[in-house]
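Participant: Take a look at this one; I'll ask things after.
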Amino acid sequence: MSPFSILNIISIWVVPCLILLALIYAYFRGVKVFETFVEGAKEGFGMSVRLIPFLVGMMVAIGLFRDSGAMELITNMLTPLIRLIGIPAEVLPLAFMRPVSGSSALAITAEIMNTFGVDSLLGRMAATMQGSTDTTLFVLTVYFGAVGIKKTRYALAVGLLADLAGILAAVFVCNMFFA
Amino acid sequence: MVNLLWAGMIATAIIFAGVNGKMEVITPILFASAEKAVSIALSLISVMAFWLGIMKIIEKSGFIHVVIFFLKPLAYWLFPGIPRHHKAMNAMLMNMSANLLGMGNAATPFGIKAMEELQTLNSKPDTATDDMCTFLAINTASLTLIPTTVVALRAATGALNPGDIIGTTIIATFCSTSVAVLSDRIFRYYNRWKDKGTVLDKKTKKEVKKIRG
């Protein structure tokens, strides 16, 4: 059995098993499971609705920036500089999109895999980048938006620094393991 | 910083489109993005409702102590300002467990719940607390052991061994998370006298009281 198939099985089983165990445990501890579930679920509704204004603001800005071609221009301008550090130009759009938009980043990753081959160095590098960083802007918008925080202090700076570290580490580690 | 970034992105896009004679694309993008934002929020309702329902059961039954046993020392070290048995700590631990297992759609509801609980400890409701920033830091760094989405994508595109990037991903994630935690601690240190000793005016005091119940 390959490590992947074991991992695959784990990732399929973990959620249902967690739910099953939680329900059995709670039931025998005398918790009114259904009433408790509904009580918690109610909170979920309000939280999601409160997010709408924050998401609209952020997604409009991201959509405009990406689809107007401004993003592409900045990426092209920075390419020579980035080459110096050793990041291949092909993964640069991904590096820029990763903190901004999760679905676009995933689309770029898929595109890199298709163009250069999923098992090529670039394909694996893109996959590692995608997996090791998160959509900083989305996380910030959703988490702070949910509670109405407007002054986010240094959180964005920390998030972007982490993304940068993740991207550089992905390039370095992949060059070491797969090149 | 968020204000600058937000305005900057929109302004750059509009000016860029104008200079390139593509101004007609702006309005459609605007409304398409806004619509996408609302549909994301709406699709979150189902996931949020379900997972928060399950979380309430996990919390009330005490099962939570089983789930989060191993993460506790890490969380106590990361969030020294949060009482150990506070609801915020429980939600943050659940969020971290979900992230580690690559259950992104389960991590978000727990994360939002954690923010709500952290907000009850906040004396200035419009400003992020130190602990909120730390919590955001580990979430933006995506602390994960199983990058489920990417492995699935690699499997779908015909990789020989879709899971072979898990090792490199764990190393890279470890780097990004370390940088996040470290830079957060540095910022925290240099901001330690700021935002403190603020005398709350009557109106803010009342609001804080209302929020804290």
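The values are calculated or read from the model by the stated rules, or taken from the named source; none is laboratory data. Keep in mind it's a predicted model, so treat the numbers as computed, not measured. Counting neighbours? That spans all protein chains shown, and the Cβs are built from the backbone with ideal geometry, glycine included.
Participant: All but one of (1) more than 20 Å from the chain's Cα centre (by Cα); (2) over 27 Å from B:Trp6 (Cβ atoms) hold for B:Phe31; which doesn't?
Facilitator: So the condition that B:Phe31 fails would be (2).
Table: residues versus (1) in a loop (DSSP other than H, G, I, E, B); (2) within 26 Å of B:Met115 (Cα to Cα); (3) free of Cβ contacts under 8 Å to residues at least 12 places away in the same chain; (4) in contact with a Leu (Cβ under 6 Å, 6 or more places away or on another chain).
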| site | (1), (2), (3), (4) |
| --- | --- |
| A:Arg83 | no, no, yes, no |
| A:Ala127 | no, no, no, no |
| A:Gly131 | no, yes, yes, no |
| A:Val173 | no, no, no, no |
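Participant: Among B:Leu153, B:Leu160, which is assigned by TED's automatic domain parsing to the domain that holds B:Arg84 and surrounded by fewer than 21 Cβ atoms within 10 Å (Cβ to Cβ)?
Facilitator: The unique qualifying residue is B:Leu160.
Participant: Ok, one more. Just the residues that are out of contact with any helix residue (DSSP H, G or I) (no Cβ under 7 Å at 6 or more places or on another chain), at the interface with chain A (Cβ under 9 Å from one of its Cβ atoms) and in a helix (DSSP H, G or I), please, taken from the stretch B:9-27.
Facilitator: Across the stretch B:9-27, the qualifying residue is only B:Ile15.
Participant: Something else: Of the residues that make up the stretch A:93-115, is at least one over 23 Å from the mean Cα position of the chain (by Cα) and either part of a helix (DSSP H, G or I) or farther than 24 Å from B:Ala11 by Cβ (or both)? Don't jump to the end; show me each part of the working.
Facilitator: Taking the stretch A:93-115 and keeping what is over 23 Å from the mean Cα position of the chain (by Cα), we get none.
Taking every residue of the stretch A:93-115 in turn, none turns out to be over 23 Å from the mean Cα position of the chain (by Cα) and either part of a helix (DSSP H, G or I) or farther than 24 Å from B:Ala11 by Cβ (or both).
Participant: I've got another one for you. Name the one entry in A:Arg66, A:Arg153 that is buried (at least 19 other Cβ atoms within 10 Å of the Cβ) and not in a helix (DSSP H, G or I). Don't jump to the end; show me each part of the working.
Facilitator: Numbers: A:Arg66 fails: not in a helix (DSSP H, G or I).
From the options A:Arg66, A:Arg153, the qualifying one is A:Arg153.
Participant: If you don't mind, another one. Show the residue pairs meeting these rules: Cβ distance below 8 Å; 6+ apart or different chains; first residue within the stretch A:27-46 and over 8 Å from B:Gly53 (Cβ atoms) and more than 7 Å from every other protein chain (Cβ to nearest Cβ); second residue surrounded by 14 or more Cβ atoms within 10 Å (Cβ to Cβ) and not charged (D, E, K, R).
Facilitator: Correct list of pairs: A:Tyr27/A:Val33; A:Lys42/B:Ala49.
Participant: Among the numbered criteria (1) within 22 Å of the chain's Cα centre (by Cα); (2) modelled with pLDDT of 90 or more, which one does A:Leu55 miss?
Facilitator: Only one criterion in (1) within 22 Å of the chain's Cα centre (by Cα); (2) modelled with pLDDT of 90 or more is unmet by A:Leu55, namely (2).
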